[in-house]
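The values are calculated or read from the model by the stated rules, or taken from the named source; none is laboratory data. On a predicted model such as this, the values are computed, not experimentally measured, just so you know. Cβ placement follows ideal geometry from the backbone for every residue including glycine, while neighbour counts extend to all protein chains displayed. To get the accessible areas, we keep the full protein, side chains included, count just its heavy atoms, and leave off ligands, DNA and RNA. Shrake-Rupley method; radii C 1.70, N 1.55, O 1.52, S 1.80 Å.
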Amino acid sequence: MNDRTLVCSDVTMRFGGLVALDAFSLEVRPGEVVGLLGPNGSGKTTFFNVVTGLYKPASGAIRFGDQDLFRKAPSEINHAGIARSFQRCRLMLELSVFDNLLVGAHNRLPNGLFRTLFGRKAALRSIAAFMGAARDLCARFNPHIADRLFEPAGSFNMIDRRRIELCRALLGEPRLLLLDEPSAGMTHDETFRLMDDVTGFQRESPELSIVLIEHEMQVIERVSQRCVVLNFGKKICEGSYRTVVADPQVRKAYLGEDA
Ligand SMILES: Nc1ncnc2c1ncn2[C@@H]1O[C@H](COP(=O)(O)OP(=O)(O)OP(=O)(O)O)[C@@H](O)[C@H]1O
């Protein structure tokens, strides 16, 4: 089955007595960009952590196409075609861009003692192929990064570091990309440029679906086809950007206005 629709049903995640996700359901179809909104502490990042296997939910169901991903290990979920970015930069700044990309691909390249000792030629071939793919992907985001593949990630500015993180996530050819607040630490203009890169990439890979957590509402308005709003772990609204920003419950959650 090729369809890679993410279907999360009634997912509940607790931390002791705190219910961070409360029977939360969300469906993301191939090629969709869904904005995940909500005030601070409403459960957005927890949802990403649950989908990617970092947190084990108490109950619910998570399917991606025909695969059951509920409570699966992060590596299995990544293999199934789900990749993510983090709110804070997770690059190893003293390592080169290439090494950072390589770390993200370690489970796709030959590894293990036997292969290292006896499969050196094959290993070198796959690293060379990986280098070509990494260079091509970086060039799609910014040719400047592709030209400086062996320079430390720390020598790049913030927007390029974000691009490198995106390349690391995209090199595994995921079908679903979870973006956790790409605007964090960037200017308004940089955020827009980065999101233009992402949407440009998606135009060439139309099956890729994206869930975007973002506080910059203009970004959400510009890129998402559908929005879902969380408050205290519960879904309080779903629909187009226009629908959710006009919704009384959403306005109350964000602005404290009367519903
Ligand atoms: N590992 C954890 N242990 C205990 N509580 C946690 C943990 N992770 C998240 N929480 C709690 O779960 C709730 C939801 O947090 P979460 O980080 O998902 O919110 P968020 O909507 O992503 O917020 P923000 O927009 O500020 O990033 C919060 O009350 C938070 O303190």
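The single condition among (1) farther than 25 Å from G38 by Cβ; (2) hydrophobic (A, V, I, L, M, F, W, C); (3) within 16 Å of the ligand (Cβ to nearest atom) that F201 does not satisfy is (3). Reported count of residues in segment 41-66, each being open to solvent by 40 Å² or more (accessible area, probe 1.4 Å), assigned to a loop (DSSP other than H, G, I, E, B) and within 15 Å of the ligand (Cβ to nearest atom), is 5.
For every residue, the table says whether it meets (1) in contact with a helix residue (DSSP H, G or I) (Cβ under 6 Å, 6 or more places away or on another chain); (2) touching a residue at least 12 places away in the same chain (Cβ under 8 Å); (3) part of a strand (DSSP E or B).
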residue	(1), (2), (3)
G154	no, yes, no
C167	yes, yes, no
G172	no, yes, no
L178	yes, yes, yes
S183	yes, yes, no
D189	no, no, no
V229	yes, yes, yes
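From the list F64, F48, the one residue that fits, being among the hydrophobic types (A, V, I, L, M, F, W, C), modelled with pLDDT of 95 or more and closer than 18 Å to P182 by Cα, is F48. Of all residues in segment 201-222, those satisfying the criterion of being open to solvent by less than 20 Å² (accessible area, probe 1.4 Å) and closer than 20 Å to H188 by Cα are V211, L212, I213, E214, V219, I220.
For segment 15-24, a residue qualifies if it is within 6 Å of the ligand (Cβ to nearest atom) and in contact (Cβ under 8 Å) with a residue 24 or more places away in the chain, and exactly one does: A20.
Is one or more of the residues making up segment 25-40 surrounded by fewer than 22 Cβ atoms within 10 Å (Cβ to Cβ) and within 10 Å of the ligand (Cβ to nearest atom)? Among the residues of segment 25-40, at least one is surrounded by fewer than 22 Cβ atoms within 10 Å (Cβ to Cβ) and within 10 Å of the ligand (Cβ to nearest atom), which makes the answer yes.
Candidates in segment 1-14 are the residues that are surrounded by fewer than 20 Cβ atoms within 10 Å (Cβ to Cβ) and either closer than 20 Å to I236 by Cα or at pLDDT 95 or above (or both); of these, the one that is nearest to the ligand (Cβ to nearest atom) is R14.
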